[in-house]
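*Asks:* Below is one structure. I have some questions about it.
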Amino acid sequence: MSDQHPDETNSEEKSGVAGYMAQAKEMAESAQERGETTPDHGSDEGHSGPFAPAEHLAESFAANSMSEGRLFDVADAVSDYRMNDVDVTDTTCGYCAVGCRFDVLSKDDEVLGIRPNAEKAPVNGISTCVKGKFSYGYADDEDRLTTPLIKEDGEFREASWDEALDRVAEELQETKDEYGPDALGLVSSSRTSNEANYLMQKLSRQILKTNNIDNCNRLCHSPTVAGLSQTVGYGAGSVGTEAFNDTDCYLITGSNTTESHPVLATDIKQNLKEGAEAYVFDPRKVQIAEHATQYARVTPGYDTVWINGMIRHILEEDLQDDEFVENRTVGFEEVKEGVEKFTPEFVEEHAGVPPEQLKNAAEAVATADSCMFCWTLGLTEHSHGTENVVSMANLALVTGHVGTEKSGLAPFRGQNNVQGGGGDMGPVPGNFPGYQKVTDDDVREKFEDYYGVDDLPDEVGLTITEQFLAADRGNIKSMFVEGENPVYSEPNVDHAEEILEDLDFLAVQDIFLTKTAEYADVVLPATGHVETNGTYTGTTRHVQLVKRAVDPPGEAKPDWVITQELAERFGFEWDYDSPSDIMDEINDLTPIYGGVTHERLEDGEELQWPVWDEDHPGTPHLYEEQFNTADGKAHMFPTDISGPAERDMDDGDYPIKLTTGRVLYQYHTGTMTNREEGIRSYTDELFVEINPETAESLGIADEDPVRISSRKGEIEAMAQVTDRIGPDVVFVPMHVLGDGSDVVNELTDESHLDEQAHVPEFKVTDVKVVPRDRPTAVDDDANTSSPESADD
Ligand SMILES: Nc1nc2c(c(=O)[nH]1)N[C@H]1C(S)=C(S)[C@@H](COP(=O)(O)OP(=O)(O)OC[C@H]3O[C@@H](n4cnc5c(=O)[nH]c(N)nc54)[C@H](O)[C@@H]3O)O[C@H]1N2
Ligand SMILES: Nc1nc2c(c(=O)[nH]1)N[C@H]1C(S)=C(S)[C@@H](COP(=O)(O)OP(=O)(O)OC[C@H]3O[C@@H](n4cnc5c(=O)[nH]c(N)nc54)[C@H](O)[C@@H]3O)O[C@H]1N2
Ligand code: SF4
Ligand SMILES: [Mo]
């Protein structure tokens, strides 16, 4: 897309647009002057122009971050739309799991703009965030993969689909014949549709006979799925969308809501303005904390401590919901006993939360008429992430705030389709679709009958991080990676790269030649989200349609089509004509999706699973009467003080705790967002947030280049000195910023996994931080008195 609009001045409409843009830029600047350095998607009133009022703040920040030409393109599309001159396709956002819906405006197979369509958008109404609204330039980027590629003598060459798919099938078959099916590892993609993910798990089980299939859910909310499955039943949030706007109280922890789930943050902020309360616990004073009733800074890695402390205080003050506990839960006595040691003093010592803040929050949460318990990765990406989630479920259950319209458990899920494609559809080592266990004989028999085979694998397979570790030991020989960029997103990426390099065979299916794809033997070009039909399932269990707005570039094919054509190479004729056909099969085999059909969605029905059959209206909130457990009760389990995996190691050399995460403008490894010049310019350098006190003790000033080293590696970044973060903790974004030569996952450790969910400990790593030009020499100076070791 050109930077300069060809025709900026020759219509009144456009000069109106130009005026609006100038206004928008001013708004953005004044917001920045007000100190809103972390731009917020927000909604605002009072401006006129080509955009609807509530879109304004998103536009204003976009105006500040995107080239003028690009904005004119967008603005033009909107005015063209008014002239009915463009194609309009209603679809669901392909970035995060909020599940915003909007119209894609396109003309001549080029996406011109995105415009929310409130009538068809149950979650977002007329809101979107800057990514959903503006980051679609990737779609016609010149670097898109347009043909299959095969590597020959270390170089890629173009290949036909037949040649590429034959090669993939032969190689996978060869590994299977020689080493057995479990020498294969498959990574499915939460970026892709439910239908595509369903077929990936089918390929893995029916044809390749392995349960070694996983997806990015592992790196993310797998502890949420594990923790909630064992306590309340379903590995999903219990609340529907109403709660976000109407609850009386929010407990929010480990969630940078305004940057990671901007549209949910808008609902929450609006509700706070109308009198609701919010209690935020986070090591960083993230922007949602500015809007909260109370913010408490927590020591990273010690969340079970303050959560148990809250339960203890609630019990001490007799504020628990006795009736709920008695009638709807088991395990209360054990939890009561388990929390005894978590006195306010103990909590302050280990988790850093002052007693007053702990008590305030506990009392507010327990006595509110309704309350939502919200968390994201700050709670899950730990070596004890599942325990954190179980603690959170215990807290919610003790207060009785689960199972109503305005109260419940609200993990904000990550990728656009991680709830559906990453979990519900079963591309995970232990579950068929619908959380049906691969180890359950009756379940396996049902799938065997349907799939016409009698040997589905019956042992739980390997998770994504375990697949890498197994490959390192030589037990996995070949991998198939769809829509995942592990050489940036896995822990200890230098090691991950070596492992990929050493595989016998690697196939990658993506929309770009990613750094992961560079290691592949065969690369398969897939369609992106504006070129795809199917469904995504968002964080509130909404199943929503995704539709093709423009034709794919070159010969790129939809993910589900590629998987079906690969299956054919193994002699399996699946014969699906469309994603809707695949959904019919999902309906047959997956009780919670029993009545989710494309027809109903086309008719505008709003379906949140479970949807048991075609007459069932769906389930906006879970657990109104029963939990999804054998006895219908919620099961509470006591949890203990856990702490990060590295807590027992000698941290003399690495006295600082590193935590990692997201920024508003970027999306993960940046394969899509980094193609927007304006967005990139906002995040053109890797940075590290350092508290002023810590910076001073380390001799580091704002914007200084620094070196950060851990037991696994070393990177450089630019210091951002800010009291957003607490002393002795630093934050580095997980994204690929600047030239990408340094990424934070060079520092993280792949061996610190949660015992149950196997998520890596992305949220706490011991590090050392020094000014760049001072030698780090961790190996040399262990006994010298550098400022940081002097501080210990
Ligand atoms: N802009 C943008 N939005 C995204 C994404 C993106 O890449 N970019 N990715 C999507 C995906 S896949 C996901 S999973 C979500 C993730 O959404 P978030 O979980 O909100 O994202 P993170 O930045 O990883 O932030 C987690 C929060 O945890 C806090 N934290 C760190 N350590 C601890 C701890 O020990 N305890 C507690 N209580 N908190 C801690 C951090 O300070 C931060 O506020 O975002 C989704 N949305
Ligand atoms: N240090 C640290 N590391 C982390 C995290 C953290 O908080 N800290 N968070 C973790 C989390 S929560 C997540 S979810 C992961 C994310 O890690 P990844 O999933 O590896 O990150 P993405 O950049 O979203 O990669 C998705 C890939 O899919 C491709 N793609 C997009 N759309 C399609 C499509 O329709 N079809 C196909 N075939 N490909 C497509 C993109 O080009 C990209 O290469 O990172 C994890 N890593
Ligand atoms: S909040 Fe999430 S779903 Fe909504 S527009 Fe932004 S990235 Fe897309
Ligand atoms: Mo995620």
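*Asks:* Using a Förster distance of 30 Å, how high is the FRET efficiency between residue 439 and residue 174, based on the Cβ-Cβ distance and rounded to 0.05? Kindly include the intermediate steps, with their values, before the conclusion.
*Replies:* Values: r = 29 Å, r/R0 = 0.96.
With R0 = 30 Å, the Cβ-Cβ based efficiency is 0.55.
*Asks:* Let me ask something else about it. Which is the longest stretch in the chain that no exposed loop site breaks, taking sites as trypsin sites (Lys or Arg not before Pro) with a DSSP loop state and at most 11 other Cβ atoms within 10 Å?
*Replies:* On the way: sites that count: 34, 473.
No qualifying site falls inside 35-472, the longest such stretch.
*Asks:* What shape does region 225-411 take by its C-alpha gyration tensor, where a ≥ b ≥ c are the square roots of the eigenvalues and a/c under 1.5 counts as rounded, a/b above b/c as prolate, and the rest as oblate? Let's see the in-between values first.
*Replies:* Working: a/c = 1.35, a/b = 1.14, b/c = 1.18.
Because its axes are fairly even, with a/c under 1.5, region 225-411 counts as rounded.
*Asks:* Test of the criteria: in region 399-464, which GluC sites (Glu not before Pro) are in a DSSP loop and have at most 13 other Cβ atoms within 10 angstrom of their Cβ?
*Replies:* Details: sites: 405, 445, 448, 459; in loops: 405, 459.
The qualifying sites are 459.
*Asks:* For residue 214, what is the net charge nearby, where nearby means another residue's Cβ is under 12 Å from its Cβ and Lys, Arg count +1, Asp, Glu -1?
*Replies:* -3
*Asks:* Would you order 649, 392 from fewest to most other beta-carbon atoms within 10 Å of each residue's own beta-carbon?
*Replies:* Placing the least packed residue first, the sequence is 649, 392.
*Asks:* Which whole number of Å³ per residue matches the convex hull of the alpha-carbon atoms in the chain?
*Replies:* Looking at the chain, the number lands at 154 Å³ per residue.
*Asks:* Oh, and also: Any idea what the alpha-carbon Rg over 2.2 N^0.38 Å comes to for region 270-342?
*Replies:* Numbers: Rg = 15.1 Å, N = 73, 2.2 N^0.38 = 11.2 Å.
My calculation over the Cα atoms of region 270-342 gives 1.35.
*Asks:* Put a dot 7 Å past each Cα toward the Cβ at residue 323 and residue 616; how far apart are the dots in nm?
*Replies:* 2.8 nm
*Asks:* Given 336/633; 269/768; 359/768; 269/336, which pairs have Cα atoms separated by over 28 Å?
*Replies:* 269/768; 359/768; 269/336
*Asks:* Pulled fully out, how much extra length does the chain show between residue 290 and residue 703, if you take 0.36 nm times their separation in residues and subtract their Cα-Cα distance?
*Replies:* 146.2 nm
*Asks:* Just check region 548-694 against the gyration tensor rule for me: Cα atoms, a ≥ b ≥ c as the square roots of the eigenvalues, rounded for a/c under 1.5, and otherwise prolate or oblate depending on whether a/b exceeds b/c.
*Replies:* Oblate is the answer for region 548-694, as a/c is 1.5 or above yet b/c matches or exceeds a/b.
*Asks:* When 721, 353, 764 are ordered from fewest to most other Cβ atoms inside 10 Å of their Cβ, what list results?
*Replies:* 721, 353, 764
*Asks:* Any chance you could get the radius of gyration and Dmax over the Cα atoms of region 418-457, in Å?
*Replies:* Values for region 418-457 (Cα only, Rg and Dmax): 10.2, 30 Å.
*Asks:* Between residue 363 and residue 349, with labels modelled 7 Å along Cα→Cβ, what's the label distance in nm to one decimal, could you check?
*Replies:* 2.5 nm
*Asks:* Please identify every one of the GluC sites (Glu not before Pro) in region 321-380 that sits in a loop by DSSP and has no more than 14 other beta carbons within 10 Å of its own beta carbon.
*Replies:* Here the GluC sites (Glu not before Pro) that fit, given the DSSP loop and packing criteria, are 340.
*Asks:* I need to check one value: relative contact order of the chain, counting alpha carbon pairs closer than 8 Å and at least 6 residues apart, in percent.
*Replies:* It comes to 17 percent, rounded to a whole number.
*Asks:* Of the GluC sites (Glu not before Pro) in region 515-621, which ones lie in a loop per DSSP and count no more than 11 other C-beta atoms within 10 Å? Show your work: numbers first, answer last.
*Replies:* On the way: sites: 518, 531, 555, 565, 568, 573, 585, 599, 602, 605, 606, 614; in loops: 555, 573, 605, 606, 614.
Answer in residue order: 573.
*Asks:* Shifting gears a bit: Would you mind computing, in nm to one decimal, how far apart the modelled labels at residue 626 and residue 152 are, each placed 7 Å from Cα along Cα→Cβ?
*Replies:* 6.1 nm
*Asks:* Also, I was wondering about something else. Can you spot the lysines whose alpha carbon is less than 25 Å from residue 202's alpha carbon? Ignore those fewer than 8 places along the same chain.
*Replies:* 176, 437, 446, 477, 547, 557
*Asks:* Cα convex hull of region 509-623: how many Å³ per residue?
*Replies:* Numbers: hull volume 16.4 nm³, N = 115.
Taking the convex hull of the Cα positions in region 509-623, it is 142 Å³ per residue.
*Asks:* Hey, any idea what the orientation-averaged projected area of the convex hull of region 645-789's Cα atoms comes to, in nm²?
*Replies:* 9.1 nm²
*Asks:* Right, something else. How much net charge surrounds residue 325 when only the other residues with a Cβ under 11 Å from the Cβ of residue 325 are counted, with Lys and Arg +1 and Asp and Glu -1?
*Replies:* Net charge around residue 325: -2.
*Asks:* DSSP beta bridges in the chain, what fraction antiparallel, as a percent rounded to 5?
*Replies:* Details: 45 of 89 bridges.
The answer is about 50 percent antiparallel.
*Asks:* So what's region 534-597 giving for Cα Rg divided by 2.2 N^0.38 Å, two decimals?
*Replies:* Dividing the Cα Rg of region 534-597 by 2.2 N^0.38 Å gives 1.28.
*Asks:* Cβ under 13 Å from residue 275's Cβ, residue 275 left aside: what net charge do those residues give with Lys, Arg +1 and Asp, Glu -1?
*Replies:* Counting the neighbours of residue 275, the net charge comes to -3.
*Asks:* Moving on to the next point. Based on the Cβ-Cβ distance of residue 119 and residue 588, what FRET efficiency does E = 1/(1 + (r/R0)^6) give at R0 = 30 Å, to the nearest 0.05?
*Replies:* With a Förster radius of 30 Å, E is 0.40.
*Asks:* Please order 375, 574 by the number of other Cβ within 10 Å, starting at the fewest. Walk me through the intermediate numbers first.
*Replies:* Working: 375 26, 574 18.
If I rank by nearby Cβ atoms, fewest first, I get 574, 375.
*Asks:* Let me ask something else about it. Mind checking which of 332, 354, 756 is farthest towards the positive end of the chain's charge dipole, using Cβ charges of +1 (Lys, Arg) and -1 (Asp, Glu) about the Cα centre?
*Replies:* 354
*Asks:* Rounded if a/c is under 1.5, else prolate if a/b beats b/c, else oblate: with a ≥ b ≥ c from the C-alpha gyration tensor eigenvalues square-rooted, which is region 615-704?
*Replies:* The shape class here is oblate.
A short reminder: the numbers here are calculations on the coordinates, not readings from a lab. Fair warning: this is a prediction, and the values are worked out from it, not measured in the lab. We place every Cβ from the backbone using ideal geometry, glycine too, and count neighbours over all the protein chains shown.
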